[in-house]
Structures are given as C-alpha cells and as structure tokens.
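Below you'll find the structure, written out as structure tokens, and then a few comments.
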Amino acid sequence: MKILTICILFAFSLVALAQSSFVAMGGFNFTSSGQSLVFTSEDTVYIHHFFTKTTTALGKANFYCLAQQKNAVLMVIGQAVEIVDLASKVVKQKFELPEMVLSEFYVNTTATQIVFRGEESKNLYLMKITTEGITSQIIFQNQSEGTVWVSPTGKWLAINQGQKVSIYETSSQKLISSSISTAQQIGDSGDGGFPSNDFGVRQLQFAPDEKSLVVLWMGSIPKYWDAYLERWTIDGRKMGTYENSMIWELTGFSANGKQLMGFGPQLLRVWNTDTYKIRHAYWWKNDSPDRIAFSPTGTKIALRSSSCEVKDNQFCFTILSVPRFRVISRF
C-alpha cells in the first residue's frame, strides 16, 4: 500500500493542514518504516531515529516533501530542488522548477511526479522526474481559486470548488467526477442561527488504494466544530455519511488503509475504515497539540505541543503508541 506524501512549507503560517498539501512551519511526518520522524525547526529539516535516539540535520530549505515509498526527501530553496536519500543523506538528483511555488506542492510516493501551483502565473504544473531528465507541462492555467489535492501515486487530482469537489485524471486532465457535494441541512444551532447548507470542504484524503476518498465538511463558524465525514468512490458514488463533532483535521490513513485518524481541539479519533466506527479515542490531558502525524503502520502517533519552547536540542515531540496511547519517547 502507498501513503500520501506530506509537504512542509516554512514561509506560511497556516491554521490547518486541512487546506493544502503542506503544513505550516514546524511540520513533521513518519518515514515509511515508522522508525524515524522527519521534521522542521526554523529553516532546517531534521530526521530523528527512535532506535538510536539520534537527530541529524538534513539541510536548510524553504520547504520539503517526504516521498515515503522512495525513502527520500525533496528539499526546495527558491526554484531549486534536491532529492536527498534518507538512508545515505546523499543528494541523488537536482533540478529547477519553472517558477516559484505559491501553494499545493505534491510529490508522489516514488518521487517521480510533482504537482504544484505557480506563484506568478497561478498555473498548475505537472512535472515528471526520471533518471534521464525532467519534463514539465501546465495542466490547468490560471487556477487561482480552489484548493487542490493529489492522490498518493499522482493518478487523480481533486479541486475544491466550495461545496463541490471535482476529480480529474492528472495526466489527461479528463474529468472523472464532479458530483461530490454536500446536501446536509444543518439547521439552527440555537446560538445565533447556524445557517442551513453553510458547509464547505475542509479537507480531502485519498485512500491508499486510490479507489475511494474521504471528504471532511465543516461549518464556516469555527466555534461550533460541526463536522461530517463522507466516503465517495473516485467516480463520484456516495458510500456513506458520518457525523463527527469536534474533529477539525484528518491526519491520514494507515498504509493498509484500515485506519483513518483525525483530531480536534479536545480529542483524537481513529476510525476503522471497514465500518467507520470509532476504533480508538484519546482526550488531551493538557494542551492540545498543534500538529499530529500518524505512522504508516498505524501503531504510533507523533504530536508537538503548541506551548513548548524548542531549546537545547529538545524539539517538543511526544511519540505515543496506538491503541494504548502510552508514551514511547520524547525528544
């Protein structure tokens, strides 16, 4: 199974990882084995190995992407890209982007394909990476609106259009479905009148097998935290709707696609994707973390406190086991 690639952008301070393919400064993610964590601190990318309890700097970058199946990290400075092998820490390939990145920088799990939005043109680019060279093409011109998500292998591309999500085949730009939408009648909240149909797409996660996806819909008034999960097939057939209040982020699937994790201001939840019943739940005892990562094996989570100060090579991480949520390590 393949895992969604996560990209980390330093230059922006985003409230939620839900609205883009990158995370704000301080983002992190597990490697494919689940035995290491790649993360950022200030303008530097690091890797921490749990077994040896060692942390190594990989280099400085504006942002990075982790291609888990390739066991490589893409380091981006301006328009320059370096692909670094995580085992050897050696730069395997270098190339230039056609323009600076505005948002949505996706690398597939094998580091052979990039999709991103250009800063000046707002075009969506598709770049293919081979040992023989790099090819680049514009797949959507002046795509100034609508958040974009790309499936793990890069086969599918989803564009958020407010209360509708359209799915395209990335290589051909063929429209596969535009029927993913919400018809939830939320009604009055009893506290100021939460308007009906005042829902929008907050996040989308492709399943590892790329045959289905999960959409998180949320009300536009954040204090209510009303959320719905919907499951859809790629071609737009609805598979189910599930109400899950207090969840504001979908962190991701496990590698086998059997678990999905999400969290909110008060709790973390892990769903069994066979039934989408809650399999595990964990309530924060102290401060809520501002970031969470789910290991590909589904056996660990990493969290970073929003109130902790990074100093003396201590980076404010706590690693918990799943399902017992016991502390494995801190660093």
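Pick from the stretch 75-111 the residues that are more than 20 Å from I47 (Cβ to Cβ) and of a type in the set (F, W, Y): which of them is modelled with the lowest pLDDT?
Y106
What's the total number of residues in the stretch 140-154 that are among the hydroxyl-bearing types (S, T, Y) and either modelled with pLDDT of 90 or more or within 11 Å of the chain's Cα centre (by Cα) (or both)?
Residues meeting the conditions: 1.
Within the stretch 54-72, count every residue that is under 24 Å from S329 (Cβ atoms) and under 15 Å from the mean Cα position of the chain (by Cα).
Adding up the residues that qualify gives 3.
Conditions: (1) of a type outside the set (D, E); (2) at pLDDT 55 or above; (3) touching a helix residue (DSSP H, G or I) at 6+ places or on another chain (Cβ under 6 Å). V23 meets all but one. Number of the miss?
(2)
Answer with yes or no whether S121 is over 25 Å from G27 (Cα atoms) and assigned to a strand (DSSP E or B).
When the stated conditions are applied, S121 does not pass them.
This table checks each residue for (1) in contact with a helix residue (DSSP H, G or I) (Cβ under 7 Å, 6 or more places away or on another chain); (2) under 22 Å from A207 (Cβ atoms); (3) surrounded by fewer than 19 Cβ atoms within 10 Å (Cβ to Cβ).
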{"residue": "L97", "(1), (2), (3)": "no, no, no"}
{"residue": "T110", "(1), (2), (3)": "no, yes, yes"}
{"residue": "V115", "(1), (2), (3)": "no, yes, no"}
{"residue": "K122", "(1), (2), (3)": "no, no, yes"}
{"residue": "I129", "(1), (2), (3)": "no, no, no"}
{"residue": "G133", "(1), (2), (3)": "no, no, yes"}
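The values are calculated or read from the model by the stated rules, or taken from the named source; none is laboratory data. Since this is a predicted model, take the numbers as computed values, not measurements. Cβ atoms come from the backbone with ideal geometry, glycine included; neighbour counts cover every protein chain shown.
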